[in-house]
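The values are calculated or read from the model by the stated rules, or taken from the named source; none is laboratory data. The structure displayed is predicted, hence computed values, not measured ones. Neighbour counts run over all protein chains shown; Cβ positions are idealised from the backbone, glycine included.
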Amino acid sequence: MATTLRQIAKFLDNRRCQYMVDEDNFRVLTSVEADHVEQFVIVIQLHEDGKFLQFYVPRLLGDAPKHQHQESICHKLLALSGNTNMLQWESDLINEEVRAVIKFPLEAVPLTEKQFNHCLSSLIDMVDQRLMPQIKAVMATSLNSGERELGEQILLMLQEIAPEGVLELLESALTAHQSHGSLASI
């Protein structure tokens, strides 16, 4: 049973959301206030004559495809995908876009308002409250949580076996490396 843009608009009306219907592209655009996403635009798009529904947040990570820590970001997105049931990450490097996506096949079953609200609320909660803080931390530091834990373990081992003052020397060397780009300048 097909879902229509009119039905989606009705569900959004019931949530008191503002939205825009784009009939030419079979989609509805809305936005929400969020803590960790600056412009949280959500696209709700119909495919296959309304038998397939997709909720997605376009250009979620802005410049992530060009980001200096792109590899760490991709590793984090892959790890997060394995930990979420509904949410998937799509990366389009040609258009420089990373999306958070929930795909919902309808086939012969009509979309209920409860299903719609569950998908929309889950997308908002998972992206804004649970996942974006982790992704932003990786973008800021280039270290995912596993790399950070390993680094802390190495520092603790060094602290126990290294002579006094070695960690301070190492810290100076790393600071110089970050500011000059190589250890040769130390």
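Of note:
- Of the strands (runs of 3 or more DSSP E) lying entirely inside region 9-118, those containing at least 1 residues that are at pLDDT below 75 are 87-92.
- Matching entry among PHE52, PHE11, PHE40 (being among the aromatic types (Phe, Trp, Tyr) and surrounded by fewer than 18 Cβ atoms within 10 Å (Cβ to Cβ)): PHE52
- Pairs where the first residue, in region 119-133, is in the same structural domain as PRO58 (by TED's automatic domain parsing) and buried (at least 21 other Cβ atoms within 10 Å of the Cβ) and the second is part of a helix (DSSP H, G or I) and modelled with pLDDT of 90 or more, C-beta under 6 Å, 6+ apart: none
- Candidate set from region 101-118 (those that are charged (D, E, K, R) and touching a strand residue (DSSP E or B) at 6+ places or on another chain (Cβ under 9 Å)); member that is surrounded by the most Cβ atoms within 10 Å (Cβ to Cβ): LYS103
- Test: residue in region 141-151 that is assigned to a helix (DSSP H, G or I) and at pLDDT 75 or above: no
- Checking every residue in region 120-132 against the condition of being assigned to a helix (DSSP H, G or I) and modelled with pLDDT under 80 gives zero matches.
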